[in-house]
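Laboratory data are not the source of any read-out in this text; all were calculated from the coordinates shown. Predicted model, so just to flag it, every value in this text is computed and none were measured. Positions of Cβ are backbone-derived with ideal geometry, glycine not excepted, and every protein chain shown enters the neighbour counts.
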Amino acid sequence: MTEQPVLEVTGLVKHYQTGSRLGGARSVVRAVDGVDLTIGRGEILGLVGESGSGKSTVGKCVSRLTTPTSGTVKLLGRDISTLTRGQMRPFRNDVHVVFQDPFSSLNPRMTVGQIVMEPLRQHGHGNRRERIGTAAEMLERTGLSHDIRSRYPHELSGGQRQRVALARALVLGPSLVVADEPVSALDVSVQASILNVILDLQADMGFSCLFITHDLSVVEFISDRIAVMYLGKIMETTTRGELFRDPQHPYTQSLLSAAPVADPAGVRNRDRIILSGDLPSPSEPVTGCPFHSRCPIAIEKCVTDVPPLAGITAPDHLTACHLVTAESGAPDISAPINSMGGTPSVHNAS
Ligand code: SF4
């Protein structure tokens, strides 16, 4: 019997109505438009995409900071997508969020010790003495010294604040952590230490993690599996090794080709595919493949038919592209075959 996943998202949709009640044009922003995801026990799934792709909205729906328009979000087998705030309360033990900006996510009037104790107090864990002990232990596990408990958030560095945010998110021992760009606001040297703390704590505590980022080097470092998002949909998902070794979707190929690489010798003969244009607005209705307006190899079918996310070349490597086939694998996007989509500019990395 296969183990029950910690998180199972099916057909997730989140649309926002925009426009003025005083006569302005109304429109629907399709932030998330039919996302399926699964995260196993102790697994880190990296969700990567450009700004505006809908990845943070997926995180908000999964952690029920917002209510999905439709679809199901199962946490440990129980559908939480339609629960009210009160009904959601018992599940708050099991899912916690770490935000991008630790400063705005920490209460400036509370000391670090109070901040980390607060979830324990709200969920009725132990007496005050026990809560102080548990919070101190959690802070220590994130690498913070004993004396930090009496300080306020404004007295801490960005890295220290994010460690406090981690301690608060993990103090109840959640099954799932949603980390939304947790290192994007930090200096590069601090980023590495925070990522290592997350990996150490994850190995130690065994929580699952939805790690949301736009940074390919971060997602490569931390993820077990990766899902690539574009305009509210998943374009490709597979293991970290497979995605970087054999990206199949044209969007993933272009993302990876444009990413900076630390080893210049390794990219000497690599073509960089620079896509034309920006991510289309999620308020503009799109037919067919969401990527067709920028895809250098789009064909007529791409404009009319939505490609299903399917394991075309392997059961655990899902891709949503009409031109990925079991026989030939990934299409070559450096050689456009027609002009239905965008025209890439191809640069040799040397
Ligand atoms: Fe989408 Fe077509 Fe390009 Fe595949 S070839 S990514 S289906 S536009």
**Report entry** Under Karplus coefficients 6.51, -1.76 and 1.60, residue-wise ³J(HN,Hα) of region 65-73 in Hz, glycine/proline x
**Finding:** 7, 9, 8, x, 5, 7, x, 10, 10
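Which length gain, in nm to one decimal place, applies between residue 111 and residue 259 when the Cα-Cα distance is subtracted from 0.36 nm times their residue separation?
Between residue 111 and residue 259, full extension yields an extra 49.3 nm.
Dipole magnitude of the chain about its Cα centre, charges +1 at Lys/Arg Cβ and -1 at Asp/Glu Cβ only, in debye to the nearest 20?
Working: 33 positive and 35 negative charges, 302 e Å.
Around 1440 debye, computed over the chain.
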**Report entry** Span from the region 197-244 Cα centroid across to the region 56-100 one, whole angstrom
**Finding:** 19 Å
Report task. Show the residues, 5+ positions off or on another chain, whose built amide H is closer than 5 Å to the amide H of residue 312. Result -> 319
Query - Förster-model FRET efficiency, 51 Å R0, residue 204 and residue 13, C-beta, rounded to 0.05 - result: 0.90
Report task. With only alpha-carbon atoms counted, please give the Rg and Dmax of the chain, in Å. Result -> 21.6, 70
Query raised in the report: Going by the alpha-carbon gyration tensor, a ≥ b ≥ c the square roots of its eigenvalues, is region 105-173 rounded (a/c under 1.5) or, if a/c is not under 1.5, prolate (a/b greater than b/c) versus oblate?
Result: prolate
Query raised in the report: Which cross-chain or sequence-distant (5 or more) residues have an amide H under 5 Å from the amide H of residue 34, H modelled 1.01 Å from N in plane?
Result: 12, 13, 14
Requested in this report: Can you tell me the relative contact order of the chain? Whole percent, Cα pairs under 8 Å, sequence separation 6 or more.
Outcome: 18 percent
Query - For residue 299, distant residues with modelled amide H under 5 Å away - result: none
Report task. Along Cα→Cβ, 7 Å out, is where each label goes; now give me the distance between the ones at residue 246 and residue 123 in nm to one decimal. Result -> 4.1 nm
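I need the Kirkwood Rh of region 166-325: take the reciprocal of the average 1/r across all distinct C-alpha pairs and report it in angstrom. Intermediate values should be presented prior to the final figure.
Values: mean 1/r = 0.0568 Å⁻¹.
Answer for region 166-325: a Kirkwood hydrodynamic radius of 17.6 Å.
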Report summary line: Protection proxy (average C-beta count within 10 Å per residue), highest first, orders 146-154, 317-325 as 317-325, 146-154
**Report entry** Candidate aspartates and glutamates for bridging to residue 60, where Cα separation is under 18 Å - those fewer than 8 sequence places away on the same chain excluded
**Finding:** 8, 33, 36, 50, 79, 94, 101, 180, 181
**Report entry** Value of [θ]222 nm, deg cm²/dmol, for the chain, DSSP H segments ≥ 4, -39500 (n - 2.57) each, nearest 500
**Finding:** -8000 deg cm²/dmol
Requested in this report: For region 149-217, calculate the relative contact order in percent as a whole number, restricting contacts to Cα pairs under 8 Å that are 6 or more residues apart.
Outcome: 40 percent
Query raised in the report: Which whole-number percent gives the relative contact order of region 1-117, counting Cα pairs below 8 Å spaced six or more residues apart?
Result: 27 percent
Query raised in the report: Going by a ≥ b ≥ c, the root eigenvalues of the Cα gyration tensor, does region 125-224 fall in the rounded group (a/c under 1.5), the prolate group (a/b larger than b/c) or the oblate group?
Result: oblate
Requested in this report: Take each of the peptides 297-309, 236-248, average the number of other beta-carbon atoms within 10 Å over its residues, and list them starting from the highest.
Outcome: 236-248, 297-309
